Amino acid sequence: MSLLPQRTSLETTKNITEVLSAKLKQLEKNSLPVESGLADYIYMADADLDLQLEQLKALKKEISAREKEIKNQKEAIRIEGAEFLKNLGVDKLTGMLCSSVTVTPEKPAKETKEVKEEFVLLDDEKEIEELLISLGKAERKRIEIVKTTAPQPAKLRINKRRVHGTEVVV
């Protein structure tokens with residue numbers, strides 16, 4: 001038996017029932033064990049799709065890291081390039097592919113202060129609620145909230161075989 005992943009039609013089809021019916025007929029025609037044949041067929045599709053998801057997750061990580069590297073490199077070019085041109089006593093270059101490259105003036109750090117008002121209860125919130133109710137300025141109301149969950153269709157649960165605590169690759 002090959003340890004390389006084998007693709008199944010389940011991974012790409014929109015008609016799962018049709019593919020499973022065809023697999024059932026194939027197993028019966030070849031006098032192969034139907035139960036284990038279907039179980040393994042479904043498992044192979046599920047396992048390969050898991051592998052594809054893991055690969056995509058790794059690619060996303062690589063893409064994000066590369067994107068960050070590119071942005072950092074662009075920023076380094078702009079900052080160190082400005083410093084280089086300033087050291088040469090140049091504040092503007094004209095180009096053939098671009099109109100110009102200009103050194104922008106440095107902006108010093110500045111500090112700003114902002115004052116916000118905040119409402120702070122000096123007593124316990126429950127005590128204030130009781131006080132407002134006793135003064136006739138508030139009341140407690142019972143509100144009935146009905147929550148409905150969406151129906152969940154029956155699903156297959158795939159139990160993977162384990163040998164000494166490690167997963168068997170099929």
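The values are calculated or read from the model by the stated rules, or taken from the named source; none is laboratory data. Nothing here was measured: the structure is a model prediction, and the numbers come from that model. Virtual Cβ from ideal backbone geometry, glycine too; neighbours counted across all protein chains shown.
Does any residue in the stretch 108-129 that is part of a loop (DSSP other than H, G, I, E, B) come within less than 7 Å, Cβ to Cβ, of a residue that is surrounded by 10 or more Cβ atoms within 10 Å (Cβ to Cβ) six or more places away or on a different chain, and which pairs are these?
As it stands, the answer is 121/128, since those pairs meet every condition given.
Hey, does the stretch 71-87 have a residue that's loosely packed, with under 10 Cβ neighbours inside 10 Å and not in a helix (DSSP H, G or I)?
No, the stretch 71-87 contains no residue that is loosely packed, with under 10 Cβ neighbours inside 10 Å and not in a helix (DSSP H, G or I).
Residue 138 versus (1) exposed (fewer than 10 other Cβ atoms within 10 Å of the Cβ); (2) part of a loop (DSSP other than H, G, I, E, B): which is the lone unmet condition?
(1)
How do the pairs read when you match residues in the stretch 39-64 that are within 20 Å of residue 24 (Cβ to Cβ) with residues anywhere that are of a type in the set (Gly, Ala, Ser) and part of a helix (DSSP H, G or I), using Cβ under 9 Å and keeping only pairs 6 or more apart or on different chains?
45/9
Conditions: (1) over 30 Å from residue 41 (Cβ atoms); (2) of a type in the set (A, V, I, L, M, F, W, C); (3) modelled with pLDDT of 95 or more. Residue 59 meets all but one. Number of the miss?
All conditions pass for residue 59, except number (1).
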